[in-house]
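First comes the structure, then the notes that go with it.
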Amino acid sequence: MAIAAQTPDILGERQSGQDVRTQNVVACQSVANIVKSSLGPVGLDKMLVDDIGDVTITNDGATILKMLEVEHPAAKVLVELAELQDREVGDGTTSVVIVAAEFLKRANDLVRNKIHPTSIISGYRLAMREACKFVDEKLSVKVEKLGRDSLINCAKTSMSSKLISSESDFFASLVVDAVQGVKTTNARGEIMYPIKGINILKAHGKSAKDSFLLNGYALNMGRAAQGMPTRVAPAKIACLDFNLQ
């Protein structure tokens, strides 16, 4: 007995071709235009108000895009790209969105000129390899060869577009000391800087310039009783991973 196979009906409208490709590129460019004015040391902060009226002032690309609640599928790719950049590097979220949108725009122009997408992708990958090779061979300098002043200037550059830019002299020195404090060498003799070894403990009530670097471990909690000492030296500390109660 033969059974006739039927193609299921898919609800909605299906589109393809150059028009759809252009729509996707335009959507990505629209996202890039939103964060473009926040790029660089003279970039502008944006004030975002959510559904319940909470106000957020920031120039961080990942934060801006996350709060915009982008719905377009192609534009969401750029939002995810900014979030990934924020997790992996911690900076450059705005730049990566703008560069990606420009790549898409140039690629769309090439497709219109009858160049196959596979050739464009291969060209982009080749350019990426050559760019990384050039940066590694000509522009990269080992951290060990940089003096403290150069490291502080690098930290200041990353802070120039942040809210703490006015206090970059103070915080840049603090950051360099913290990173140098976690310097280690792995089994292969490579020098590593495990950033996860640096914890930031937030405490309310004082100025940001009252921040300090503690070479140890800090807990944000007070004494159980006023009569207890504020300092014990030398101290014996028990670290337990279970509840005593």
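The values are calculated or read from the model by the stated rules, or taken from the named source; none is laboratory data. Predicted, not measured: the structure shown is a model, and the values here were computed from it. Because the Cβ atoms are built from the backbone with ideal geometry, glycine has one as well, and the counts that use them run over all protein chains shown.
If we keep just the residues of region 35-74 that are of a type in the set (A, V, I, L, M) and buried (at least 17 other Cβ atoms within 10 Å of the Cβ), which is farthest from the chain's Cα centre (by Cα)? Give the steps one after another, and end with the answer.
Just the residues of region 35-74 that are of a type in the set (A, V, I, L, M), to begin with: 35, 39, 42, 44, 47-49, 52, 55, 57, 62, 64-65, 67-68, 70, 74.
The next check asks that each one be buried (at least 17 other Cβ atoms within 10 Å of the Cβ); those that pass are 35, 39, 62, 64-65, 70, 74.
Values: 35: 14, 39: 14, 62: 7, 64: 12, 65: 12, 70: 18, 74: 20 Å.
In this case the residue turns out to be 74.
Could you please let me know if residue 134 is more than 30 Å from residue 209 (Cα to Cα), touching a Phe, Trp or Tyr at 6+ places or on another chain (Cβ under 8 Å) and not aliphatic (A, V, I, L, M)?
Values: more than 30 Å from residue 209 (Cα to Cα): yes; touching a Phe, Trp or Tyr at 6+ places or on another chain (Cβ under 8 Å): no; not aliphatic (A, V, I, L, M): yes.
Considered against the rule, which asks whether it is more than 30 Å from residue 209 (Cα to Cα), touching a Phe, Trp or Tyr at 6+ places or on another chain (Cβ under 8 Å) and not aliphatic (A, V, I, L, M), residue 134 comes out as no.
Going residue by residue through region 91-110, is there one that turns out to be in a helix (DSSP H, G or I), β-branched (Val, Ile, Thr) and over 22 Å from the mean Cα position of the chain (by Cα)?
Quick first cut of region 91-110, residues in a helix (DSSP H, G or I) only: 93-110.
From the residues that got through so far, the ones that are β-branched (Val, Ile, Thr) too are 93-94, 96-99.
Pick out the ones that are also over 22 Å from the mean Cα position of the chain (by Cα) and you get none.
No, that holds for no residue.
Across region 81-108, which residue is nearest to residue 44 (Cα to Cα) among those that are among the charged types (D, E, K, R) and surrounded by 14 or more Cβ atoms within 10 Å (Cβ to Cβ)? Show your work before the answer.
Quick first cut of region 81-108, residues among the charged types (D, E, K, R) only: 83, 86-88, 91, 102, 105-106.
Subset that is surrounded by 14 or more Cβ atoms within 10 Å (Cβ to Cβ): 83, 86, 91, 105.
On the way: 83: 20, 86: 19, 91: 16, 105: 24 Å.
Checked region 81-108; the qualifying residue nearest to residue 44 (Cα to Cα) is 91.
Pairs only if they're at least six apart or on different chains, beta carbon under 8 angstrom, first in region 220-245 and free of Cβ contacts under 8 Å to residues at least 60 places away in the same chain, second among the hydroxyl-bearing types (Ser, Thr, Tyr); list them, first residue then second.
Matching pairs, first to second residue: 223/230.
Can you name the residue in region 145-191 that is polar (S, T, N, Q) and assigned to a loop (DSSP other than H, G, I, E, B) and, of all such residues, is surrounded by the fewest Cβ atoms within 10 Å (Cβ to Cβ)? Walk me through how you get there before you give the answer.
Of region 145-191, the ones polar (S, T, N, Q) are 150, 153, 157-158, 160-161, 165-166, 168, 173, 180, 184-186.
Then drop every residue that is not assigned to a loop (DSSP other than H, G, I, E, B), which leaves 160-161, 186.
On the way: 160: 14, 161: 18, 186: 9.
For region 145-191, the residue satisfying everything is 186.
Determine if region 210-219 includes at least one residue that is touching a helix residue (DSSP H, G or I) at 6+ places or on another chain (Cβ under 9 Å) and under 27 Å from residue 42 (Cα atoms).
Step one: of region 210-219, the residues touching a helix residue (DSSP H, G or I) at 6+ places or on another chain (Cβ under 9 Å) are 211-213, 215.
From what is left, the residues that are under 27 Å from residue 42 (Cα atoms) are 211.
Within region 210-219 (the criterion being touching a helix residue (DSSP H, G or I) at 6+ places or on another chain (Cβ under 9 Å) and under 27 Å from residue 42 (Cα atoms)), the answer is yes, since at least one residue qualifies.
Could you list, ordered by first residue, the pairs with Cβ atoms under 7 Å in which the first is in region 83-104 and assigned by TED's automatic domain parsing to the domain that holds residue 65 and the second is of a type in the set (Phe, Trp, Tyr), at least 6 apart or interchain?
What qualifies is 103/124.
Restricting region 109-144 to residues that are among the β-branched types (Val, Ile, Thr) and within 30 Å of residue 190 (Cα to Cα), which is surrounded by the fewest Cβ atoms within 10 Å (Cβ to Cβ)?
Filtering region 109-144 down to residues among the β-branched types (Val, Ile, Thr) leaves 111, 115, 118, 120-121, 135, 141, 143.
Adding the requirement that they be within 30 Å of residue 190 (Cα to Cα) leaves 135, 141, 143.
Numbers: 135: 10, 141: 8, 143: 13.
Checking each candidate, the answer is 141.
Checking the structure you have, find out if any residue of region 115-131 is part of a loop (DSSP other than H, G, I, E, B), over 21 Å from the mean Cα position of the chain (by Cα) and assigned by TED's automatic domain parsing to the domain that holds residue 79.
Quick first cut of region 115-131, residues part of a loop (DSSP other than H, G, I, E, B) only: 115-116.
Then drop every residue that is not over 21 Å from the mean Cα position of the chain (by Cα), which leaves 115-116.
From what's left, assigned by TED's automatic domain parsing to the domain that holds residue 79: 115-116.
Scanning region 115-131 turns up at least one residue that is part of a loop (DSSP other than H, G, I, E, B), over 21 Å from the mean Cα position of the chain (by Cα) and assigned by TED's automatic domain parsing to the domain that holds residue 79.
Within region 42-57, can one find any residue that is in a helix (DSSP H, G or I), in contact with a Leu (Cβ under 8 Å, 6 or more places away or on another chain) and either modelled with pLDDT of 80 or more or not assigned by TED's automatic domain parsing to the domain that holds residue 155 (or both)? Walk me through how you get there before you give the answer.
First, the residues of region 42-57 that are in a helix (DSSP H, G or I): none.
Taking every residue of region 42-57 in turn, none turns out to be in a helix (DSSP H, G or I), in contact with a Leu (Cβ under 8 Å, 6 or more places away or on another chain) and either modelled with pLDDT of 80 or more or not assigned by TED's automatic domain parsing to the domain that holds residue 155 (or both).
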